[in-house]
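For reference, the structure discussed in these notes is given below.
The values are calculated or read from the model by the stated rules, or taken from the named source; none is laboratory data. Not measured: the values here are computed from a predicted model. Because the Cβ atoms are built from the backbone with ideal geometry, glycine has one as well, and the counts that use them run over all protein chains shown. Note: accessible area is taken over every heavy atom of the protein model, side chains too, but ligands, DNA and RNA are not part of it. Shrake-Rupley method; radii C 1.70, N 1.55, O 1.52, S 1.80 Å.
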Amino acid sequence: MRSMTSQKVILLSTLLLVLAGNCLAQETKKLTAEEVIASHLDSMGTAEARSAFKSVVAQGVVTGTIRVGGAGSGKGGAVMASQGAMSLFGLIFGQQEYSNEKVAFDGQKLTLGEYRPGVRTRFGNFLLTHDVLFREGLLGGTLSTAWPFRDMNGPKGKVRYLGTKNLNDRKAYVLSYEPRSGGNLDVKLYFDAETFQHVRSEYHQEFTAPSVTNPDKAARQKGTRFKLTEDFSDFRREANLVLPHTYKIQLTIDNEGDPLLQDWVVTLSQFLFNKTLDAKQFDLTAK
């Protein structure tokens with residue numbers, strides 16, 4: 001009896017070790033970027049639903065907050081519209097002490113509204129400098145018809161699988177994205193490991209401080225770091241697609257003389273699909 005009991009214990013222990021090994025192998029299995037993107041597409045909807053996604057207008061409310069480089073917050077209206085490669089983004093607060101943000105891309109050029117005549121916001125200037133975010137359909141994620149991963153065979157930059165990272169207590173797959181037009185903007189995209197929904201985009205750029213000959217000044221020199229983050233949450237079905245209804249943008253400018261930390265939280269409540277939009281709506285200079 002003791003011998004049989006010992007054999008059962010050994011057999012059970014071996015089985016548990018095998019199961020643990022299988023779980024560990026699954027946990028550490030590396031996916032390809034193409035596998036992540038394919039599962040991401042499935043999380044949005046069927047291929048038929050995605051191909052029918054020709055235009056969208058999403059509206060809601062926005063709360064904007066300046067945390068560094070000033071102080072204050074404001075509430076207003078938000079609109080996001082896109083048709084093919086064209087896109088429009090507007091945050092309207094309707095008060096002079098807080099800046100409105102209006103950006104449009106007509107498929108060729110980016111145009112911006114002005115905070116005051118001849119004066120753009122720092123967020124607007126960042127987007128104007130990095131119009132690749134619109135040219136390659138990155139800004140707005142799956143809320144935009146220009147999203148480069150809406151079609152496996154569509155035009156997109158070079159993607160590479162970087163592994164996993166914990167994001168808000170959930171594991172996410174991380175892809176790097178190298179824009180087709182090149183540039184020195186570091187782009188990382190995050191996809192929830194369970195749902196494969198696109199939950200974050202990060203854009204980084206860093207400039208080293210200019211060299212100086214004075215040792216004392218050199219020790220105090222500090223470069224400039226730009227970081228724009230988009231976070232997407234509250235995924236729900238709209239028509240035949242699963243889309244985020246909460247969209248947060250945060251801009252960080254880290255430098256010695258004029259730092260900035262500013263964020264906007266957009267809550268979308270109304271969606272209109274496949275209405276033919278006038279191309280002039282995507283050019284803020286058009287009359």
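What the table below lists for this structure:
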| quantity | calculated |
| --- | --- |
| Taking the range 46-129 and dividing mean pair separation by its residue count, relative contact order in percent (alpha carbons under 8 Å, at least six apart) | 18 |
| Accessible surface, per residue, of the range 80-208 when the full set of protein chains is kept, probe 1.4 Å, Å² | 46 |
| Using a Förster distance of 51 Å, the FRET efficiency for Asp169-Ala52 (Cβ separation, nearest 0.05) | 0.90 |
| Whole-Hz couplings from phi, Karplus 6.51/-1.76/1.60, listed for the range 32-42; x for Gly and Pro | 8, 4, 5, 5, 5, 5, 4, 5, 4, 4, 4 |
| Amide H contacts under 5 Å for Glu238, placed H, 5+ residues apart | Leu243 |
| Carbon + sulfur, % of accessible area of the range 63-143 - ligands and nucleic acids excluded, 1.4 Å | 49 |
| Inter-site label distance for Thr267 and Asp42 at 7 Å from Cα along Cβ, in nm | 3.3 |
| Accessible carbon and sulfur surface of the range 228-287 relative to its total accessible area, %, 1.4 Å | 46 |
| From phi via Karplus (6.51, -1.76, 1.60), per-residue ³J(HN,Hα) for the range 275-280 in Hz, x at Gly/Pro | 8, 6, 9, 5, 4, 5 |
| The range 228-287: C-alpha pair distances exceeding 19 Å, % | 58 |
| Straight-distance crosslink candidates among lysines, where the alpha carbon sits under 30 Å from Lys30 and sequence neighbours closer than 8 are dropped | Lys156, Lys158, Lys165, Lys171, Lys188, Lys227, Lys248 |
